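Report on one structure; see the data block that follows.
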Amino acid sequence: MADVEAELRQQFIDAFSGADFPISSQMDLVPALPNGPGTKFEAGDVTLTAMEMAAKLGSHQDFPYDDVETLVDDVIEGLKAEGMI
């Protein structure tokens with residue numbers, strides 16, 4: 001599962017680094033995503049859409065975020081806490 005986590009982490013960094021930081025809500029990330037809320041992240045047997053992640057991870061995020069690394073750290077921890085990875 002470590003490979004899946006590392007692969008997803010890199011995909012999240014690539015996708016979210018285009019956001020205009022600081023961001024104050026999940027909606028601030030949408031313009032940075034190549035396919036908006038339908039953007040898919042895939043690693044191993046895990047497939048997640050940005051929409052699914054937004055629905056499941058709201059309580060695991062601590063907005064505002066000033067940089068992509070802190071955001072992605074919280075996304076990964078939230079996915080683990082929700083049993084999604």
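Worth a mention:
- Using θ = phi - 60° and Karplus 6.51 cos²θ - 1.76 cosθ + 1.60, couplings along the stretch 48-55 (whole Hz; Gly, Pro as x): 10, 9, 4, 5, 4, 4, 4, 5
- In order along the stretch 13-26, the phi-based Karplus estimate (6.51 cos²θ - 1.76 cosθ + 1.60, θ = phi - 60°) of 3J(HN,Hα) comes to 4, 4, 6, 8, 5, x, 5, 8, 6, x, 10, 10, 7, 4 Hz; Gly and Pro are listed as x.
- Placing R0 at 30 angstrom, the Cβ-Cβ distance between ASP66 and GLU42 gives a FRET efficiency of 0.60 after rounding to 0.05.
- Taking the chain and dividing mean pair separation by its residue count, relative contact order in percent (alpha carbons under 8 Å, at least six apart): 33
- Near the amide H of THR39, within less than 5 Å, lie the amide hydrogens of ALA50, MET51, all on another chain or at least 5 residues away, with H placed in the peptide plane.
- Net charge, HIS60 excluded, C-beta distance under 14 Å - Lys, Arg +1, Asp, Glu -1: -4
- Among VAL68, VAL46, VAL30, the largest mean-square fluctuation in a Gaussian network model of the chain (Cα springs under 10 Å) belongs to VAL46.
- Residues ALA2 and THR49, FRET efficiency given R0 of 35 Å [Cβ-Cβ distance, rounded to 0.05]: 0.95
- A convex hull fitted around the alpha carbon atoms of the stretch 1-58 yields 82 Å³ per residue.
No value in this document is a laboratory result; all are computed from the given coordinates. Since this is a predicted model, take the numbers as computed values, not measurements. As a convention, Cβ positions derive from the backbone with ideal geometry for all residues, glycine included, and neighbour counts pool all protein chains shown.
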